[in-house]
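The values are calculated or read from the model by the stated rules, or taken from the named source; none is laboratory data. Quick caveat, the model's predicted, so the values are computed rather than measured. Because the Cβ atoms are built from the backbone with ideal geometry, glycine has one as well, and the counts that use them run over all protein chains shown. The protein model used for the area step is the full one, side chains on, heavy atoms only, and it has no ligands, DNA or RNA in it. Shrake-Rupley method; radii C 1.70, N 1.55, O 1.52, S 1.80 Å.
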Amino acid sequence: MVISGKTRVVGVWGYPVGHSRSPAMHNAAIAALGLDWVYVPFAVAPVAVAEAVAGIRALGMLGVNVTVPLKQAVIPYLDEIDPVAERLGSVNTIVNRDGILTGYSTDGPGFLWDLADNGVSFEGKRVLIWGAGGASRAVAAALAERDCRVTVANRTLARARDVASLAGQGASAVEWGGEAYDEAVAGAELLVNTTSLGMTPASVNEMPFVKPGALHAGQVVYDLVYAPERTRLLVEASAAGCRAIGGLGMLVRQGAVSLAYWANLDLADVPVECMAAALTAAAS
Ligand code: ATR
């Protein structure tokens, strides 16, 4: 990479941020597109958020990705919030258009894009979502927009209810492991894990509770966990005859949507395969 007098800066903010694979993924795309940009990680302490946002304008940055623990904290300092990000109360992408800073949430669009790229039709489906954190909110809201009937199952029922209330009138919450839960798992056409169960290293042998025999052919099981690539949930879902899809494709595509905003590109022109390869290489 050559830094010139015209190089523009994009990046990712987190705290900590050292584990992030976004720089590898985005710099690969920047190179493939021949852009004179560089994507840099910044450890931004929550107390410094206001100054960091002012820095985007002061330094003429094109924008940034925002990750834990800053996704809510940046909101008061932006000029505009996209309606989806506003509903979710979470921003993962800031775009600088001539000094006007707009906040977006690209998780939902990235998720739907990956489903579509996997040939999964999702409009109007019955969906079971495991978990009720930020990722769950983004997925639930995106699917509800596509007329899905969403059921949210979470260890803490009150949080599941909060997410269900975002996902429209047909949405509901069920208690983790109860009778309604078993019925929701067996009856769903699409099941999405947004919990950390299955994630490497601590919970790699875990998965959301599934009653023996509940998963079956005809269901699609999507795990937002991307490390390992084949989680225990995906292995068991495949064995039960389900279509099983891991979270790498969504991770790439939520980043690709950010890049498309910064570069003003059509999604079809973002080099997602090259981003996926860089992400995988960065993990090894
Ligand atoms: P994110 O913002 O990435 O979605 P989060 O807000 O920390 O992450 O949410 C993590 C989700 O995983 C939560 O739904 C959490 O359940 P609680 O709301 O009850 O805390 C769920 N989760 C984490 N560990 C779990 C476990 N061992 N069993 C079941 N659910 C778990």
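So which residues in the range 121-136 are within 17 Å of ARG253 (Cα to Cα) and of a type in the set (D, E, K, R)?
Those that are within 17 Å of ARG253 (Cα to Cα) and of a type in the set (D, E, K, R): none in the range 121-136.
Have a look at ALA158, ALA144 and point out the one that is among the aliphatic types (A, V, I, L, M), in contact with a strand residue (DSSP E or B) (Cβ under 9 Å, 6 or more places away or on another chain), open to solvent by less than 30 Å² (accessible area, probe 1.4 Å) and modelled with pLDDT of 95 or more.
ALA144
What's the total number of residues in the range 266-284 that are touching a residue at least 24 places away in the same chain (Cβ under 8 Å), open to solvent by 30 Å² or more (accessible area, probe 1.4 Å) and among the aliphatic types (A, V, I, L, M)?
5
Checking the condition without any contact (Cβ under 8 Å) to a residue 12 or more places away in the chain, open to solvent by 20 Å² or more (accessible area, probe 1.4 Å), farther than 19 Å from GLN254 by Cα and not in a loop (DSSP other than H, G, I, E, B), which residue from ALA48, ALA54 passes?
Being without any contact (Cβ under 8 Å) to a residue 12 or more places away in the chain, open to solvent by 20 Å² or more (accessible area, probe 1.4 Å), farther than 19 Å from GLN254 by Cα and not in a loop (DSSP other than H, G, I, E, B) holds for just one of ALA48, ALA54, which is ALA48.
If I filter the range 172-186 for residues that are under 30 Å from ARG21 (Cα atoms), at pLDDT 95 or above, more than 17 Å from the chain's Cα centre (by Cα) and more than 9 Å from the ligand (Cβ to nearest atom), do I get at least one hit?
Looking through the range 172-186, none of the residues is under 30 Å from ARG21 (Cα atoms), at pLDDT 95 or above, more than 17 Å from the chain's Cα centre (by Cα) and more than 9 Å from the ligand (Cβ to nearest atom).
Of the residues VAL163, VAL95, VAL127, VAL91, only one is within 16 Å of the ligand (Cβ to nearest atom) and either in a strand (DSSP E or B) or more than 19 Å from the chain's Cα centre (by Cα) (or both); which?
When all the criteria are applied, what remains is VAL127.
Report, by residue number, each residue of the range 197-239 that is open to solvent by 40 Å² or more (accessible area, probe 1.4 Å), away from the ligand (no atom under 13 Å from the Cβ), part of a loop (DSSP other than H, G, I, E, B) and of a type in the set (Gly, Ala, Ser).
Hits for the range 197-239 are GLY213, ALA217, GLY218.
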